[in-house]
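I have a structure I would like to understand better, so I am pasting it below and will then ask my questions one at a time.
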Amino acid sequence: MRVYRGPSDLEDILNDSRIPHRLPDLEDIVEAQKRIAGVATRTPLVESPALSKRLRKEVYLKLECFQPIRVFKIRGAYNKISQVPDKNILAVSSGNHGLAVSYVGKLLGKKTTVILPEDAVQEKVNMVLEYGAEIVRYRGDVSKGWELARQMVKSTGATFVHPFNDPEVIAGQGTCGLEITEQLPDFDSVIIPVGGGGIISGIAIAVKSRKPSAKIFGVEPQAIPKLAAAMKAGRIVSLPVHSTAADGLIPPAVGDLTLEACVKHVSGVFTVTEEEIIAAMKLLIRDAHIFPEPSAAVSVAALLAGRETNGLGKRIVLVITGGNVSLNLLARNLST
């Protein structure tokens, strides 16, 4: 079996040849904003008095957990799939991307197949099924899922919807950045969770185009710091996937497009431990009265853990990317 070394390793099979393989620009993101209107929600951006007091900064939360499917992925999925003429759509996911693709597929009358690991969060699996997608499960590390996607694209001819390394997906995620600049014109920095880099790339392009003085920071689990490693090396670095509560942030590598965007626009990347992620999730539940999944809590974790914050400025936006949290995980951690 061919070894998967990163998202770009599959571009010969999975890239949509209709779309130039380049980063989107502000115009692309503005067009995406028009396209997704009425499907994706313009989510609230609110100050958290509790976090502001605790951190002695003005801390604002961009609540993507209030999307119809409780995760930002709807933005990129709709921007991409709404432009795909094919009826058959295929995605590989740890959960949230598959949920977004299945939801959008149902809206647009597509036949959707989602490849998921056997240990995917059951609540996410259930929602994928509720939206009518066919699920194909695999056992083992994420490379098995990507290889299965390759085989299925060859055998079915379905259009593959990449979870992050696609210009139209990145442009869709970038609409979150446009909203931030419209809702809070005066801010100093934005902190964003990093999986494959789709949302940080899109937000960075939008924000830096509208407000060049703003700084963009990423956060990823210490268990798999693929963006930090790639930015240090100046190339895509594929890492072993270790277990983490932040199951939405487990791609082994970023993409060539998302790395390019981060090298251009991202000022730094924090890493956080499992304990810090869970502590941040519990704090958001208790003090902000929202239920983020662990992947969404990492932006808060970076600040609570006492990372160097002088470069962040006084007014900080934290992107809370999703709220599809496992009930079992909540039960285990809220009782301690």
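No value in this document is a laboratory result; all are computed from the given coordinates. Here the structure is a predicted model, which means the values were calculated and not measured. Cβ coordinates were reconstructed from backbone atoms using ideal geometry, including for glycine residues, and neighbour counts include every protein chain displayed.
Under 12 Å from the Cβ of Lys34, count the other residues' Cβ atoms, weight Lys and Arg +1, Asp and Glu -1, and hand me the total. Intermediate values should be presented prior to the final figure.
Details: positive: Arg35; negative: Glu27, Asp28, Glu31.
Neighbour charge sum, excluding Lys34 itself: -2.
Classify region 104-228 from the C-alpha gyration tensor, please: rounded if a/c falls under 1.5, else prolate or oblate depending on whether a/b exceeds b/c. Intermediate results must be reported in sequence, preceding the final value.
On the way: a/c = 2.28, a/b = 1.77, b/c = 1.29.
Because a/c hits 1.5 or more and a/b exceeds b/c, region 104-228 counts as prolate.
Please report, in debye to the nearest 20, how large the charge dipole of region 32-75 is about its Cα centre when each Lys and Arg carries +1 at its beta carbon and each Asp and Glu carries -1 there. Intermediate values should be presented prior to the final figure.
Details: 11 positive and 3 negative charges, 25 e Å.
Result for region 32-75 is approximately 120 debye, rounded to the nearest 20.
Among Thr175, Thr156, Thr271, Thr321, what is the fewest-to-most ranking by other Cβ atoms within 10 Å?
Numbers: Thr175 28, Thr156 12, Thr271 21, Thr321 32.
Placing the least packed residue first, the sequence is Thr156, Thr271, Thr175, Thr321.
Report, in listed order, any pair from Lys73/Lys314; Lys53/Lys73; Lys57/Lys226; Lys57/Lys215; Lys57/Lys211; Lys73/Lys106 with a Cα-Cα distance greater than 24 Å. Write out the running numbers ahead of the final one.
Details: Lys73/Lys314 29 Å; Lys53/Lys73 31 Å; Lys57/Lys226 29 Å; Lys57/Lys215 15 Å; Lys57/Lys211 20 Å; Lys73/Lys106 15 Å.
Exceeds cut-off: Lys73/Lys314; Lys53/Lys73; Lys57/Lys226.
Right, something else. Residues with beta-carbon under 10 Å from that of Pro185, excluding Pro185: net charge, scoring Lys, Arg +1 and Asp, Glu -1?
So the environment of Pro185 carries a net charge of 0.
Let me spell out the model: positive unit charges on the Cβ of Lys and Arg, negative unit charges on the Cβ of Asp and Glu, origin at the Cα centre of region 35-117. What dipole size does that give, in debye rounded to 20? Write down the numbers at each step before the final one.
Details: 15 positive and 4 negative charges, 16 e Å.
Using only the charged Cβ atoms, the result is roughly 80 debye.
Would you mind calculating the relative contact order of the chain from Cα pairs under 8 angstrom and at least 6 residues apart, reporting the percent as a whole number?
Working: 713 pairs, mean separation 73.8, N = 336.
Computed value for the chain: 22 percent relative contact order.
Could you give the length gained by full extension between Ser155 and Phe66, i.e. 0.36 nm per residue of separation minus their alpha carbon distance, to one decimal place? If you can, show how the numbers build up before the last one.
Details: separation 89, 0.36 × 89 = 32.04 nm, distance 3.72 nm.
The span from Ser155 to Phe66 would gain 28.3 nm if fully extended.
In nm, to one decimal, how far is the modelled label at Lys34 from the one at Asp119, with both set 7 Å along Cα→Cβ?
4.6 nm
Another question, if that's okay. Where does region 255-306 land on Rg(C-alpha)/(2.2 N^0.38 Å)?
Numbers: Rg = 13.3 Å, N = 52, 2.2 N^0.38 = 9.9 Å.
With N residues counted in region 255-306, Rg over 2.2 N^0.38 Å equals 1.34.
Measure nothing fancy, just the Cα-based angle from helix 142-156's long axis to the longest principal axis of the chain, in degrees from 0 to 90, nearest 10.
It is inclined by approximately 40 degrees.
Output the peptides 64-76, 221-233 sorted from most to least packed, where packing is the average of other Cβ atoms within 10 Å over each peptide's residues. Before the final figure, lay out the partial values.
Working: 64-76: 25.3, 221-233: 20.5.
Descending mean neighbour count gives 64-76, 221-233.
I need the calculated FRET efficiency for the pair Arg42 and Leu330, taking r as the beta carbon distance and R₀ as 25 Å, to the nearest 0.05. Could the numbers behind the result be given before it?
Working: r = 28 Å, r/R0 = 1.11.
For R0 = 25 Å, the calculated efficiency reads 0.35.
Can you give the three extents of the C-alpha atoms in region 85-160 along their principal axes, from longest to shortest, in whole Å?
32, 29, 14 Å, listed from the longest principal axis down.
For the chain, take the longest principal axis of its alpha carbons; what is the angle in degrees between that and the long axis of helix 96-108, to the nearest 10 within 0 to 90?
Tilt relative to the chain: about 60 degrees.
Can you give the local net charge around Val194? Use residues other than it whose beta-carbon is closer than 11 angstrom to its beta-carbon, Lys and Arg +1, Asp and Glu -1. Walk me through the numbers on the way to the answer.
On the way: positive: Lys226; negative: Glu220.
Overall, the nearby charge balance is 0.
Tell me, what is the FRET efficiency for Arg139 and Asp86 to the nearest 0.05, using R0 = 25 angstrom and their Cβ-Cβ distance as r?
Numbers: r = 29 Å, r/R0 = 1.15.
Efficiency for this residue pair is about 0.30.
Another question, then. Which option, [x] 19.4; [y] 21.7; [z] 20.1, is the value of Kirkwood radius over Cα pairs in Å that was calculated from these coordinates?
This structure yields the entry labelled [x].
While we're here: Could you give the radius of gyration (one decimal) and Dmax (whole number) of the Cα atoms in region 277-336, in Å?
Cα only, region 277-336: 12.1, 37 Å (Rg, Dmax).
Right, another one. As a check on your grasp of the helix formula, calculate [θ] at 222 nm for the chain: sum -39500 (n - 2.57) over DSSP H runs of n ≥ 4, divide by the residue count, round to the nearest 500.
Numbers: 14 runs with 145 residues, N = 336.
Result for the chain, helices only: -13000 deg cm²/dmol.
Against the longest alpha carbon principal axis of the chain, how many degrees, from 0 to 90 and to the nearest 10, is the axis of helix 198-210 turned?
The angle comes out at about 60 degrees.
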